[in-house]
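Enquirer: Below: one structure in structure tokens.
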Amino acid sequence: MQLKHILRRLWRAPLFTVLTVLTITVGIGANTAIFSVLEGVLLKPLAYPRSADLVAVDHDAPGLNLKHAGMAPFLYFIYRDQSRVFERVGIWSFDTVTVTGLAEPEQVAALDVTEGVLPTLGVQPLLGRLFTPKDDTPNRPETVVLTFGYWQSKFGGNPSVIGRRLLVDGRAREVIGVLPRSFRFLDEKPMMFFPLQLDRNHTFVGNFSYQGVARLRQGTTIASAMADLKRLIPVAIHTFPPFPGYNMAMFEHVRLTPKVRPLKDDLIGDIGTVLWVLMGTIAIVLLIACANVANLLLVRADGRQQELAIRAALGAGWRRIARELLIESLLLSFCGGLLGLPFAYAALRLLVALGPANLPRLAEVSINGPVLFFTLCISLIAGLLFGSIPIVKYAGPHLGTTLRAGGRSLSQSKERHRARSMLVVVQITLALVLLISSGLMIRTFFALRQVQPGFTAPAELETMRISVPEGHLKDPVAVIRLEQNILERIEAVPGVSAAGISTVVPMSGQGNWHDMIFPEGRAQQEGQMPPLRSFKFVSPGLFKTMGTQLVVGRDFTWSDVYGKRPVALVSENMARELWRSPSAAIGKRIRESLKAPWREIIGVVADERDDGVNQKAPTIAIWPLLMNNFSGDPVSVRRDVNYLIRSQRAGNSNFAGDIRKAVWSVDPSLPVANVRTMQEVYSHSLARTSFTLVMLALAGGMALLLGVIGIYGVISYSVSQRTRELGIRMALGAGRSDLVRMFMVHAARLALLGVACGLVASIAVMRLMSSLLFAVKPVDPLTYAGVSLGLVAAALLASYVPALRVTGVDPSNALRAE
């Protein structure tokens with residue numbers, strides 16, 4: 001019966017009910033959406049059996065000042081055979097392969113794995129079998145395991161695929177298994193898996209180009225695993241010979257140390273900071289919404305004074321009245337939570353669409369049981385939060401005296417007016433925190449945009465990837481001739497002004513080759529390792545195409561390439577580090593190992609932000625595409641290359657089609673992959689910052705809107721409730737402009753008090769955002785001052801409209817007003 005009366009009262013006040021429910025819907029819906037991402041990315045266990053026992057096996061190299069050195073085959077063999085803590089261990093690396101014979105030639109993402117990787121994750125094949133130790137043995141018949149998606153798209157889900165042979169990189173591989181639909185390999189998206197077939201007899205100390213995964217024995221801790229691997233590292237170093245061109249003392253100087261961490265932590269990385277900041281900001285929006293609703297409830301309760309007074313006089317106790325007010329608040333809150341779910345679903349789809357592609361586990365984000373429970377909890381908390389304030393003010397044990405405080409002879413209760421004003425101060429305080437956080441992210445975004453990436457006009461640069469497998473073309477010189485012919489055909493496409501070849505597209509996340517450089521004339525201390533440098537292999541004309549400045553010296557020529565001349569280029573920052581100036585680097589010689597031939601530096605190029613504009617430009621050694629005696633290979637050639645094409649037609653589908661035709665006119669069996677513009681690559685590198693900026697800007701916008709509504713509501717209600725007072729003031733000679741000023745001053749006081757509290761809170765809170773900022777301090781005077789002034793101006797503007805109502809007050813009518 002009580003619920004029926006509450007529903008009837010809410011039905012009779014449709015404007016109040018709709019405004020309240022919509023306010024709560026937005027607040028709860030936004031929190032549910034963000035929590036869905038938080039739960040799917042950070043909180044949900046990985047979708048593998050006993051996922052808590054899965055760990056990533058990594059290493060640090062303090063001697064090289066290198067974190068996350070990765071995993072290497074020589075360590076894998078020792079860990080696999082002698083570890084006391086692992087049930088299984090494996091290593092893997094990302095790969096791209098060329099598949100022909102099915103339809104159009106295509107490049108396919110793949111993973112090279114040891115036989116223990118898939119069993120470590122606990123996957124069971126849908127069809128066929130997984131790799132065995134025999135499959136992973138060198139010189140055994142080559143096999144492949146397909147993912148469910150590739151099996152469906154290329155073979156229509158036909159079970160007869162088992163035993164079929166695929167032409168991969170020009171070599172036939174037998175399909176031995178298909179993985180289940182639900183299986184995901186971390187956050188990678190491979191189409192097929194290959195056995196690594198590592199040869200223990202040709203394994204050296206070094207080659208940290210793999211990632212490791214292991215399953216701990218039950219009851220084993222991370223600490224005990226670290227201790228066991230620390231015991232095994234010296235064993236591994238002294239079991240295998242050092243990589244050609246290095247010595248054992250160098251690897252001992254590296255001081256290799258194990259780094260074992262939960263696989264989920266390794267997958268998530270540092271994205272947790274961003275998501276918790278977003279969760280905190282959206283929670284603040286909900287608090288502001290609760291304050292706004294509490295103000296509406298105070299106004300509503302104030303209008304029900306006579307009703308509540310009569311009920312109290314008829315014997316209704318304050319507990320009963322408080323219970324009804326609380327049930328009404330909870331009912332409104334749960335309605336908002338219920339409507340917040342479809343709002344959250346729509347917002348979640350938008351979040352997934354806007355979310356950066358490098359946000360891990362994005363495909364696992366959904367509105368599930370834990371999210372629904374979270375929505376229920378915050379609906380309850382919100383209802384209790386905004387419902388308790390009118391109860392304290394109107395339905396406490398002092399109910400009788402409070403209700404008798406109203407009347408024709410009494411002015412508006414200062415106590416109730418103070419409560420509404422304090423709620424507005426809270427709203428402004430919280431709004432300022434959000435607006436400052438979004439302001440700092442805006443400053444960060446523009447600071448990042450001001451950084452010169454090392455290339456120009458990215459929207460006019462088209463990129464694509466081509467791979468020439470050894471099974472397709474064996475002779476290294478023939479490979480280079482093929483790549484040059486393709487380059488010349490591309491340069492002949494209408495609208496192309498320049499083109500070049502590089503093994504790495506800057507800021508693409510492909511991962512550079514990192515290795516050591518030994519400069520001539522610099523004596524290496526006994527056993528000391530030089531710092532790691534990035535390696536890049538390019539064609540003549542690449543830097544002209546990119547718009548990268550040649551600081552001094554000259555570029556490679558095709559004569560350098562075909563003559564396999566021992567020449568090199570270096571980045572400007574490397575030249576300054578080693579020889580103090582770019583010009584001093586010309587003529588100096590470097591090599592990549594102690595046994596490699598010396599290579600003369602013929603040019604210095606401007607720095608490139610290969611790892612993103614928020615990271616320092618790496619020091620880069622730049623080599624020709626074809627060389628003699630490089631990194632242990634008698635003849636070294638780059639088979640996986642990227643073509644970068646300068647044209648105003650870049651990004652046009654017709655242009656991409658013309659480029660493909662140019663490639664296939666040289667060799668129709670070569671797939672063209674990763675066609676995109678450098679603008680897309682550049683924007684992708686800023687995706688996380690852009691995502692955070694958009695989310696904080698939306699939260700700040702909602703907070704500002706709610707804060708302005710709060711100010712408007714307080715001043716508007718104050719004008720309506722002080723009509724009699726205004727009449728008296730005008731009768732005593734007060735001008736209308738003076739009365740407008742009075743309300744404006746009141747609004748300014750509230751805004752300034754909120755801003756003062758918000759500045760103190762922001763200084764404390766913004767330090768948590770320091771890891772998200774770039775070239776901006778957490779306490780940035782310009783941002784703080786600009787946001788504060790803007791918020792005060794918005795508050796004054798919001799108060800001016802209701803304050804103008806004073807000019808329409810008739811003094812004679814006001815004196816007769818209740």
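Enquirer: Which of the numbered conditions does residue 580 fail, given that it passes all the others? Conditions: (1) under 39 Å from the mean Cα position of the chain (by Cα); (2) crowded, with 18+ Cβ neighbours inside 10 Å.
Expert: Checking residue 580 against (1) under 39 Å from the mean Cα position of the chain (by Cα); (2) crowded, with 18+ Cβ neighbours inside 10 Å, the one that fails is (2).
Enquirer: Here is a follow-up. Which one of these is within 29 Å of residue 78 (Cα to Cα), in contact with a strand residue (DSSP E or B) (Cβ under 8 Å, 6 or more places away or on another chain) and of a type in the set (Lys, Arg): 165, 200, 184, 129? Quick ask: steps written out before the conclusion?
Expert: On the way: 165 fails: within 29 Å of residue 78 (Cα to Cα); 200 fails: in contact with a strand residue (DSSP E or B) (Cβ under 8 Å, 6 or more places away or on another chain); 184 fails: in contact with a strand residue (DSSP E or B) (Cβ under 8 Å, 6 or more places away or on another chain).
Of the residues listed, the single one that is within 29 Å of residue 78 (Cα to Cα), in contact with a strand residue (DSSP E or B) (Cβ under 8 Å, 6 or more places away or on another chain) and of a type in the set (Lys, Arg) is 129.
For every residue, the table says whether it meets (1) buried (at least 19 other Cβ atoms within 10 Å of the Cβ); (2) modelled with pLDDT of 85 or more; (3) closer than 30 Å to residue 518 by Cα.
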site: 241; (1), (2), (3): no, yes, yes
site: 250; (1), (2), (3): yes, no, yes
site: 258; (1), (2), (3): yes, yes, yes
site: 277; (1), (2), (3): yes, yes, no
site: 298; (1), (2), (3): yes, no, no
site: 313; (1), (2), (3): no, no, no
site: 322; (1), (2), (3): yes, no, no
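Enquirer: At pLDDT 95 or above, closer than 20 Å to residue 467 by Cα and part of a loop (DSSP other than H, G, I, E, B): which single residue out of 506, 494, 540 fits that description?
Expert: 540
Enquirer: Within the stretch 613-654, track down each residue that is closer than 26 Å to residue 577 by Cα and buried (at least 19 other Cβ atoms within 10 Å of the Cβ).
Expert: Across the stretch 613-654, the qualifying residues are 613, 617, 618, 619, 620, 621, 622, 623, 624, 625, 627, 630.
Enquirer: Hey, can you tell me all the residues within the stretch 117-145 that are in a strand (DSSP E or B), farther than 24 Å from residue 202 by Cβ and open to solvent by less than 10 Å² (accessible area, probe 1.4 Å)?
Expert: Correct list: 145 only.
Enquirer: When the stretch 357-384 is examined, which residues are found to be over 17 Å from residue 39 (Cα atoms) and open to solvent by less than 70 Å² (accessible area, probe 1.4 Å)?
Expert: Those that are over 17 Å from residue 39 (Cα atoms) and open to solvent by less than 70 Å² (accessible area, probe 1.4 Å): 379, 382, 383.
Enquirer: What do you reckon, is residue 481 of a type in the set (Lys, Arg), assigned to a helix (DSSP H, G or I), within 30 Å of residue 629 (Cα to Cα) and open to solvent by 10 Å² or more (accessible area, probe 1.4 Å)?
Expert: yes
Enquirer: Would you check if there is a residue in the stretch 589-606 being within 20 Å of residue 451 (Cβ to Cβ), among the small types (Gly, Ala, Ser), at pLDDT 90 or above and open to solvent by 10 Å² or more (accessible area, probe 1.4 Å)?
Expert: Yes, the stretch 589-606 contains a residue that is within 20 Å of residue 451 (Cβ to Cβ), among the small types (Gly, Ala, Ser), at pLDDT 90 or above and open to solvent by 10 Å² or more (accessible area, probe 1.4 Å).
Enquirer: Do you know which residues across the stretch 215-272 are assigned to a helix (DSSP H, G or I), of a type in the set (Phe, Trp, Tyr) and over 19 Å from residue 76 (Cα atoms)?
Expert: Of everything in the stretch 215-272, nothing turns out to be assigned to a helix (DSSP H, G or I), of a type in the set (Phe, Trp, Tyr) and over 19 Å from residue 76 (Cα atoms).
Enquirer: Further question on the same structure: Pick from 803, 794, 747, 798: which is in contact (Cβ under 8 Å) with a residue 24 or more places away in the chain, within 25 Å of residue 23 (Cα to Cα) and open to solvent by 20 Å² or more (accessible area, probe 1.4 Å)?
Expert: Checking each option against the conditions leaves just 794.
Enquirer: Collect the residues in the stretch 52-87 that are under 25 Å from the mean Cα position of the chain (by Cα) and either part of a loop (DSSP other than H, G, I, E, B) or farther than 19 Å from residue 513 by Cβ (or both), keeping them in residue-number order.
Expert: 52, 54, 55, 56, 57, 60, 67, 68, 69, 70
Enquirer: May I ask you to verify whether residue 61 is within 30 Å of residue 375 (Cβ to Cβ) and either in contact with a helix residue (DSSP H, G or I) (Cβ under 7 Å, 6 or more places away or on another chain) or in contact (Cβ under 8 Å) with a residue 40 or more places away in the chain (or both)?
Expert: When the stated conditions are applied, residue 61 does not pass them.
The values are calculated or read from the model by the stated rules, or taken from the named source; none is laboratory data. Not measured: the values here are computed from a predicted model. Here Cβ is always computed from backbone atoms with ideal geometry, including for glycine, and neighbour counts include all displayed protein chains. Side chains included, ligands, DNA and RNA excluded: accessible areas come from the protein's heavy atoms. Shrake-Rupley method; radii C 1.70, N 1.55, O 1.52, S 1.80 Å.
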